[in-house]
Amino acid sequence: MLGMVATSVMRRTTDVAQQRRWISGAVIVALGLLCLWFFALQVPADMVSKYRFSGGGDAIQLPVVELPTSTTNLILAVLLVAVGILHAARGIKNSGVLFGAVAFFLLAIFLTWSIRGQSLNLTGLLESTLIRSIPFLLGALSGIMCERSGIINIAIEGMMLTAAFVSVIVASYFDNLWLGLAAGVASGALISGVHAVFSIRFKVDQIISGTVINIFAVGLTNFLNLRWLTPVQELNDSGTFSKVPLPGLAQIPVLGTVLFNQNILVYAAIVLMFVVNFLLFSTRWGLRTRAVGEHPKAADTLGVNVFRIRYTNVIFAGMLAALGGCFLTLASVGRFDKLMTNGRGFIALAAMIFGNWNPFGAFGASLLFGFMDSLQLKLQILTSVIPSEFLLMAPYLATMIVLAGVVGRVRPPAAEGVPYEKQ
Amino acid sequence: MPPILELRGITKRFPGVLANDHIDLTLNQGEIHALLGENGAGKSTLMNVLYGLYHPDEGEILIRDKPAHITGPRDAIAQGIGMVHQHFMLIPVFTVTENVMLGDESITNGVVLDRKKVAQEIRDLSVRYGLEVNPDLYIKDLSVGIQQRVEIIKLLYRKADILILDEPTAVLTPQEADDLFQVLRNLKAQGNSIIFITHKLREVLELADRITVLRLGKVVGSADPKSTNSAELARMMVGRSVILSVDKAPAQPKEVVLKVEHLTVRDPRAGDAVNDISFEVRAGEVLGIAGVQGNGQTELAQALTGLRAVESGRVTILGHDTTHATPRQLFELDVAHVPEDRQQDGLVLSFPVEDNLVLNEYYRPPFAQGISLNFKEIERAAAERLKEYDIRTPSIFVKTANLSGGNQQKVIVAREFTGPIKLLIASQPTRGLDVGSIEYIHNRIIEKRDAGTAVLLISNELDEIMSLSDRIAVMYKGRIIDTVNAAEATKEALGLLMAGVQQDAAHAPEISPELKTEMQDEIA
C-alpha cells in the first residue's frame with residue numbers, strides 16, 4: 001500500500017512538471033516555426049551569408065564560410081523546433097542548457113538572416129563581445145561584493161560615471177594612464193564610502209541613497225564636463241591602454257584573437273572574477289560576508305563585526321565599479337563624454353541578478369549583454385532594414401527579457417536592504 | 001567550591017522599562033539551573049547581558065570567582081559562555097559546518113577555509129554527546145529539532161562550558177524535547193553547567209537541579225524541584241494563584257456547524273498532507289485535534305480557513321458549501337480563526353495595535369465609510385477591546401511587533417472573538433505563551449463554547465487538548481486515526497494513537513493497518 005501511495009505522489013508531482021514543460025516546449029516550437037517562416041522561407045533561395053574568421057592582418061587566414069541563407073536557417077529553425085519537442089517530451093533538466101540552446105539558435109538564425117548577401121567577421125564580433133562585457137562584469141562584481149554583505153547597491157552607474165570622468169582628467173593632466181586609473185578607483189571608493197555611511201551609520205533607505213548618488217554623479221560630471229573639459233580639450237585626451245598579446249597564446253586562430261590579445265584591464269577583470277569567487281566561497285572573509293548578508297544577528301552573536309564587514313565590502317565594491325568606469329575611458333575611447341555610461345551600471349545590476357549573485361553566473365550574463373551590445377553595432381553597419389534606433393535598444397531589450405524570465409529562480413541575500421541595529 | 005558563575009546586582013533599564021532590577025544569580029559547576037518566569041519577566045534580558053549583547057547599567061559578573069568584563073559576544077565566548085537563542089541564530093543557506101565554524105573558522109594554506117577539519121570535529125562532538133547531525137547538510141533542510149542540535153554543537157565547538165538555553169523547548173515536539181533533555185543530562189554529566197530558561201513548569205520539575213523564579217525583572221524566589229510543585233511555582237511566577245486546569249461544565253452540543261466530508265489536501269512537496277478526512281463539529285462543543293506536529297494538522301486548518309486549496313472532498317459550514325471559500329467569505333459566515341503562526345498569518349506586525357484589532361472587519365461599517373476609514377470608530381473599538389481582553393500595551397498606536405508574544409496573541413483573540421461567532425478554528429492558540437495568558441485564553445475559549453460556538457481546537461499540547469476538548473480526534477499521517485470522548489480519554493491511550501498505534505478498548509494495543517503494511521513491506 002505504501003508503495004502505491006509513493007507512486008501516486010510521484011505521478012502527481014511529475015504531472016505539474018510535465019505541464020510546465022509542455023507549455024515552455026510549445027513556446028519554443030512556436031518560436032522555431034516563426035523563424036522558419038520568416039527567416040528561412042521568406043528569403044530568396046539564391047542569397048548567401050558569409051562568415052569570416054580572420055581579420056585582414058592575421059598571420060593565419062582561415063577560409064570564409066559561405067552559407068545559403070535560406071537553407072541554413074531552415075536547418076537551424078528545424079533544430080530549434082526539435083529542441084522544443086525534446087523538452088516537451090523528455091524534459092531538459094538543466095535550465096541553463098535549455099536557455100543557452102534556445103538563445104543560440106535564435107541568435108544564429110537572426111544573424112544569418114541579417115548578413116544575407118553580405119559577410120561578417122565572426123571573430124571580430126566575439127572579440128568585441130568580450131570587451132563590451134567587461135564593464136558589465138566589473139559592475140556586477142561590484143554589486144555582488146556589496147549585496148552579499150547585505151547592502152543594496154544601485155549606485156554602480158553613478159560610481160562608474162564618476163570614475164570615468166576622474167580617470168580621464170587625471171590621466172590627461174599627468175599624462176599617465178596608471179595615475180588616472182588609481183584616481184578613478186579612489187573616486188569610486190570615496191563615493192561608495194558615502195553610500196556606506198548613509199546606509200550603515202545613518203540607516204538611510206539604501207535605494208534612496210543609491211539613487212541620490214546616481215543623480216549626483218550625473219549632475220556633477222555634466223557640470224564639470226561643461227566647465228573644464230569642453231573649454232580645455234587637452235584635459236579630455238588620456239590615450240588608452242594598448243593591447244598586450246600574451247606570447248604564444250595570442251597566435252591561436254580565433255581563440256587567441258578573442259581571449260589573449262586584449263588590454264591589461266580585460267585580463268584584470270577576468271582575474272578579479274576568479275578572485276572574488278575564491279574570496280566569497282573559500283575564505284574566512286567570504287564566509288563572514290555571506291553570513292552578514294543573510295543573517296547579521298547570527299553573525300553578531302558569534303562575535304563577527306557586522307559593521308566592519310559591511311563598510312569594507314561596500315568600499316571595495318565601489319572600487320570595482322570604478323574600475324568598470326575607468327575601462328570605458330582608459331581602455332576604449334580615451335576621452336570622457338557626457339553620460340557615457342549610458343545605463344551600463346544598471347545592466348550590470350541585471351547581470352548580477354541573472355547570475356544569482358555569483359561571479360561566474362554574472363560573467364555569463366555579462367557576455368550575453370556584451371554580445372547584444374556589439375551585435376547592434378555590427379548590424380548598424382551591415383543592414384539597412386532595421387532602424388538603428390531600434391538596434392540600439394537591443395542590449396536593454398535583452399536585459400528585460402532575461403530579467404522577466406529569471407524572476408523567481410534567483411534568490412538575493414536574505415538580509416539585503418535591511419539596516420542592522422545593535423541593541 | 002565557589003560557583004562557576006555569579007551575577008551580582010545586575011540592573012538593566014530600557015526606555016520606560018526596568019527589565020532587570022538588581023538580580024543576583026549563581027550557577028554551580030555541573031548543575032542545571034532553571035530560570036523560570038513569564039514572558040517579559042526579564043529572563044532573556046538577563047541572559048543577553050551575560051552574553052554581552054546588552055550592557056548592564058549596574059552590577060557585576062564573576063566567572064570562576066574573577067570579575068569578568070563582557071562587552072560583546074566575543075568576550076563571552078572567550079570566557080566559556082555559550083548561548084542558544086530562542087530564535088535560532090543559524091543561516092539557512094549555509095551548511096551545518098559553515099554555521100558551526102562561523103566566527104571561529106579553521107584555516108588551511110593561510111587563507112582557505114578548512115571545512116573538512118571542522119566537519120570531522122562536528123562528527124566527533126556528535127558521537128560524544130549524542131547529537132547526531134550530518135555536517136554537510138544545509139540548515140534549511142533540517143527539522144527544528146536537528147537545528148537545535150546544531151546550535152548546541154556551535155557552543156561545544158567553541159569549548160563553552162557555561163551553556164545558556166533560552167526557551168529551548170518552545171519550538172520542539174514532545175519527543176524532540178525529551179531528546180533534548182537527554183542531551184542536557186549528558187552534558188551535565190560531563191561537567192558542563194547549564195542555565196535553562198523556560199516558562200513551562202513541567203520541564204523545570206523534570207530537569208532542573210535548582211530553580212530561580214523571576215517576575216517583573218526581579219528575583220522573587222528560588223525553589224528546589226524535589227520539594228516544590230507546579231501550583232507553587234505558578235503562584236511565584238504570576239504573583240497570584242493560578243488555576244492550572246480548566247473548570248468547565250459538560251458540553252451541550254446542538255446543531256452541526258462544521259461538516260467535513262472526505263477532505264483531501266495536497267502539499268506540493270509531501271503528497272497528501274490531509275487524506276480523506278471526515279468529521280463534524282456541533283454548536284456548543286469543542287472538538288480537539290491531537291497529534292504530533294507535522295501529521296497534517298497545519299494543512300487541515302489552512303484548508304478549512306481558505307488559506308490552502310482543497311484537492312477533493314467537501315466542507316460545509318451551517319449549510320453553506322465553503323470548500324473553496326475565501327477568508328473574507330468565511331468571515332462573513334461568522335467564522336473566527338486563530339492561526340498557528342501568529343506573526344506570519346495572524347498579524348501585520350508593522351501595523352499599530354488598533355489596525356490589527358479590526359483587520360477582519362475594517363472594510364465594513366462602522367469602520368469604513370465608502371472608500372475611507374473611520375479612524376474615530378476604529379480607535380474607539382480598539383480601546384474597548386484593549387480593555388476587555390486586558391492587552392498590555394502603552395497605547396493602541398504602538399507597532400504590534402513591539403508587544404510581547406502573549407499580548408500579540410491576545411490581540412488576535414480580541415479581534416477574532418468579538419462578535420457573534422458561530423465557528424472558531426483555533427490552531428495552537430497558546431503556543432509559547434506564559435501560564436497567565438494560557439489560563440486567560442483557555443477560559444475565553446470555553447466561554448465561547450458555552451455561548452453556543454462550535455470550536456475546532458488544533459494543538460500539539462496534549463494537556464491543552466485534554467483540558468479543553470469534549471471530543472478528541474487524533475491525526476496521524478494525514479488521517480484521523482480515531483475519535484474518542486474526552487471524558488474517557490487517557491494520556492497514555494492518546495499518546496499511543498499519536499504514535500499511530502490503533503487500539504481497541506477490549507484488546508491489547510494493536511498495530512495500525514498502515515504500520516502493518518509498512519512492516520510487511522520492510523520484511524518483503
If unit charges are put on Cβ atoms (+1 for Lys and Arg, -1 for Asp and Glu) and the dipole of the protein assembly as shown is taken about its Cα centre, the option from A:V244, A:Q233, A:L272 lying farthest towards the positive end turns out to be A:Q233
Shape call for the protein assembly as shown, from the Cα gyration tensor axes a ≥ b ≥ c (a/c under 1.5 means rounded, otherwise prolate when a/b beats b/c, else oblate), comes out prolate
Which residue, A:R308, A:R132, A:R52, has the most motion in a Gaussian network model of chain A that connects Cα atoms within less than 10 Å? A:R308
Partner shielding of A:276-285, taken as the mean number of other chain Cβ atoms within 10 Å, equals 3
For peptide A:290-299, what's the mean number of Cβ atoms from other chains within 10 Å of each residue's Cβ? 5
Straight distance only, please: which aspartates and glutamates reach the Cα of B:K259 with their own Cα at less than 14 Å, same-chain residues fewer than 8 apart left out? B:D276, B:E280, B:E285, B:D321
Farthest toward positive dipole pole in chain B [+1 Lys/Arg, -1 Asp/Glu at C-beta], among B:G288, B:T393, B:L304: B:T393
If I model a spin label at B:V112 and B:E332 as a point 7 Å from the Cα along the Cα→Cβ vector, what separation in nanometres do I get? 6.5
Mean separation of Cα pairs under 8 Å and 6+ residues apart, divided by the residue count of chain A: what relative contact order is that in percent? 23
Once normalised by the length of chain B, the mean sequence separation of its alpha carbon contacts under 8 Å that are 6 or more apart gives a contact order in percent of 14
Quote the charge dipole size of chain A about the Cα centre in Debye, to the nearest 20; the model charges only the Cβ of Lys and Arg (+1) and of Asp and Glu (-1). 1200
Suppose the chain between B:F351 and B:D321 were pulled fully straight at 0.36 nm per residue; how much longer would it get relative to their current alpha carbon spacing? 7.5 nm
Based on DSSP, what percent of beta bridges with both residues in the stretch A:43-185 are antiparallel, to the nearest 5? 60
Out of residues 5 or more away from B:A454 or on other chains, whose amide H comes under 5 Å of its own, with H placed 1.01 Å from N in the peptide plane? B:G284, B:L423, B:L424
What's the magnitude of the charge dipole for the protein assembly as shown around its Cα centre, counting Lys and Arg as +1 and Asp and Glu as -1 at the beta-carbon? Answer in Debye, nearest 20. 2180
Name the residue from A:N263, B:L201, A:F390 whose Cα lies farthest towards the positive end of the charge dipole of the protein assembly as shown, charges +1 on Cβ of Lys and Arg and -1 on Cβ of Asp and Glu. A:N263
Taking the stretch A:177-237, which trypsin sites (Lys or Arg not before Pro) meet the DSSP loop condition and have no more than 16 other C-beta atoms within 10 Å? A:K203
Sort B:112-122, A:20-30, B:438-448 for me by packing, meaning the mean count of neighbouring Cβ atoms within 10 Å per residue, highest on top. B:438-448, B:112-122, A:20-30
Counting only DSSP beta bridges with both partners in chain A, the antiparallel fraction in percent, to the nearest 5, comes to 75
May I ask which of A:K203/B:K376; B:K188/B:K410; A:K297/B:K188; B:K12/B:K140; B:K43/B:K477; B:K43/B:K399 have a Cα-Cα span longer than 31 Å here? A:K203/B:K376; B:K188/B:K410; B:K12/B:K140; B:K43/B:K477
What's the magnitude of the charge dipole for chain B around its Cα centre, counting Lys and Arg as +1 and Asp and Glu as -1 at the beta-carbon? Answer in Debye, nearest 20. 1120
Helix runs (DSSP H) in chain A reaching 20 Å along axis by Cα, Kyte-Doolittle at least 0.5: A:2-35, A:69-89, A:95-114, A:122-147, A:156-174, A:177-196, A:206-224, A:264-282, A:306-328, A:359-382
Peptide-level mean, for B:113-124, of C-beta atoms on other protein chains within 10 Å: 1
Could you check the simple spin-label distance between A:Q233 and B:E492, using points 7 Å along Cα→Cβ, in nm with one decimal? 10.2
If each DSSP helix of 4+ residues adds -39,500 (n - 2.57) and the sum is divided by the residues in chain A, what number results at 222 nm, nearest 500 deg cm²/dmol? -22000 deg cm²/dmol
Can you tell me how chain A classifies by the Cα gyration tensor, rounded, prolate or oblate, using a/c under 1.5 as the rounded cut? oblate
Percent relative contact order for the stretch A:299-423, counting Cα pairs under 8 Å at least six residues apart, stands at 20
Shape call, the stretch B:5-238: gyration tensor on alpha carbons, a/c limit 1.5: prolate
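Where a number appears in this text, it was derived from the coordinates with a stated rule and is not lab data. No experiment lies behind these values; they were computed from the predicted model shown. Ideal geometry is used to build each Cβ from the backbone, glycine not excepted, and the neighbour counts take in all protein chains shown.
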